[in-house]
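Below is one structure, written out as structure tokens; comments come after it.
Coordinate-derived values only; no laboratory data. Worth saying up front: this structure is predicted, and the values here are computed from it rather than measured. Note that each Cβ is placed from the backbone with ideal geometry, even for glycine, and that neighbours are counted across all protein chains shown.
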Amino acid sequence: MRKNIITFLASLFLLLSLAQGKVSAQSPIQCGLIGERCCNLAGGPPDSCQTGLICVNGYCQDDPNSTIVPLPRGVANPAAGISALKGDCIDTAIGCIPIEQQGMIEFILKWAIGIAGGIAFILIIIASFQIMTSQGDPKRLQAGKELLSSAIMGLILLIFSVFILRVIGVSILKIPGLS
């Protein structure tokens, strides 16, 4: 069991570290805005543009009869509440990620410590299950005990590393940004 976990983690590490190529999300439809092609979406009216624009020769242009001023590319509609940037951070599904280097490092460290603690908790549960289901087999019982002690030692190491970082970095060396 321990060999399988170590093999899986090593394979996952190699796969992620050796992966090459660009991973990008699909780009949104580039139509309907000022100076761009008119949209021909399924189920919608042909040659449609953003409100306040008309389709002329396949491209969206200002409508001289409209009182609505269309938004230029890249500008979010504040009335609709659509904005990814909120002050000094980017709003994402996992929280508001700060733009500054210090704030981003704090954010990443908090997440990394939380994930490491979660992994230690899961390993403690796996080790407990392994001990309970050993059925008197001394090898499986010993493997479960080793996994349990390793997970607890890893958790203790994680807690003390945070403590030592704060004591040495903040109290002794007075490194800015670690407080």
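Points worth noting:
- Computed from the Kirkwood radius of its Cα pairs, the Stokes-Einstein diffusion coefficient for region 99-179 at 25 °C and 0.890 mPa s stands at 167 µm²/s.
- Residue-count net charge about residue 9 - beta-carbon cut-off 12 Å; Lys, Arg +1, Asp, Glu -1: +2
- The ranking of 165, 148 by Cβ neighbour count inside 10 Å, starting from the fewest, reads 165, 148.
- Close amide H partners of residue 36, meaning residues 5 or more places away or on another chain with modelled amide H under 5 Å apart, are 60.
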